[in-house]
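The values are calculated or read from the model by the stated rules, or taken from the named source; none is laboratory data. Values in this document were obtained by computation on a predicted structure and should not be read as measured data. Reconstructed Cβ throughout: ideal geometry from the backbone, glycine too, with neighbour counts over all protein chains shown. For accessibility, only protein heavy atoms count, side chains too; no ligands or nucleic acids. Shrake-Rupley method; radii C 1.70, N 1.55, O 1.52, S 1.80 Å.
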Amino acid sequence: MTSEEIISFVDALDHVLTLRPASGDGTPEISWGDTFFYYAPDGVSPTATQPFATVVTKNYPGDEASRLDRPDVFRVNIAAGKEAFIRWTGHAPREPASTEVDPSTTDTVIAHPVYGSVGWLAVVNPGERTEASTRELLQAAHHLARLRHERRTEPTA
């Protein structure tokens with residue numbers, strides 16, 4: 001899978017706002033070239049919520065373990081929820097892993113090297129082994145984002 005295939009897939013889900021920061025748009029330079037996906041039925045960039053998935057193309061400060069500085073390497077980050085996290089990692093988000101996984105390994109679903117403790121999963125360069133799983137996890141993250149949005153916007157009785 002290419003990053004553009006992933007972006008197209010997520011962008012086609014209902015009510016997704018895809019943000020692609022670039023020079024001149026007021027976003028921090030570190031984010032330029034990366035992609036952020038929000039559930040936003042009104043098409044307005046949410047100010048009080050995190051994206052449900054991202055595609056990052058470079059190392060961020062404190063997040064160098066995936067070695068995204070290698071040529072043609074990117075990482076998909078997915079907030080797929082606690083159940084999916086446990087299913088893929090074998091432990092709850094705040095529990096330590098029983099085995100260490102090299103965060104730079106490609107085509108493998110892993111706990112996000114920085115945000116795993118809050119239930120995020122990651123895949124560096126999804127390929128043949130993880131393409132279907134990556135799509136399923138992205139759909140699950142989108143579904144959870146929709147449910148959170150509905151809870152936040154539900155009128156109170």
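Below is a table of values for the structure above.
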quantity: Positions within the stretch 29-48 being open to solvent by less than 40 Å² (accessible area, probe 1.4 Å) and part of a loop (DSSP other than H, G, I, E, B), in sequence order; calculated: ASP34, ALA40, PRO46
quantity: Residue check, VAL56 open to solvent by 50 Å² or more (accessible area, probe 1.4 Å) and either in contact with a strand residue (DSSP E or B) (Cβ under 6 Å, 6 or more places away or on another chain) or of a type in the set (A, V, I, L, M) (or both); calculated: no
quantity: Complete set of residues in the stretch 7-24 that are farther than 14 Å from ILE78 by Cβ, in contact with a strand residue (DSSP E or B) (Cβ under 9 Å, 6 or more places away or on another chain) and outside any loop (DSSP other than H, G, I, E, B); calculated: ASP11, LEU17, THR18, LEU19
quantity: Residue list for the stretch 59-70, filter: under 19 Å from VAL118 (Cα atoms) and either assigned to a loop (DSSP other than H, G, I, E, B) or open to solvent by 20 Å² or more (accessible area, probe 1.4 Å) (or both); calculated: TYR60, PRO61, GLY62, GLU64, ALA65, SER66
quantity: Selection within the stretch 49-67 - under 13 Å from ASN77 (Cα atoms) and in contact with a Pro (Cβ under 9 Å, 6 or more places away or on another chain); calculated: ASP63, SER66
quantity: Some residue of the stretch 87-98 being among the aliphatic types (A, V, I, L, M) and in contact with a Ser or Thr (Cβ under 9 Å, 6 or more places away or on another chain); calculated: yes
quantity: Subset of the stretch 121-148 [open to solvent by 40 Å² or more (accessible area, probe 1.4 Å) and either part of a helix (DSSP H, G or I) or closer than 14 Å to VAL10 by Cβ (or both)]; calculated: GLU131, ALA132, ARG135, GLU136, GLN139, HIS143, LEU144, ARG146, LEU147, ARG148
quantity: Among residues of the stretch 90-120, those that are over 14 Å from ALA65 (Cα atoms) and either in a loop (DSSP other than H, G, I, E, B) or open to solvent by less than 40 Å² (accessible area, probe 1.4 Å) (or both), counted; calculated: 15
quantity: Residue check, ALA80 assigned to a loop (DSSP other than H, G, I, E, B), under 28 Å from SER45 (Cα atoms) and open to solvent by less than 20 Å² (accessible area, probe 1.4 Å); calculated: yes
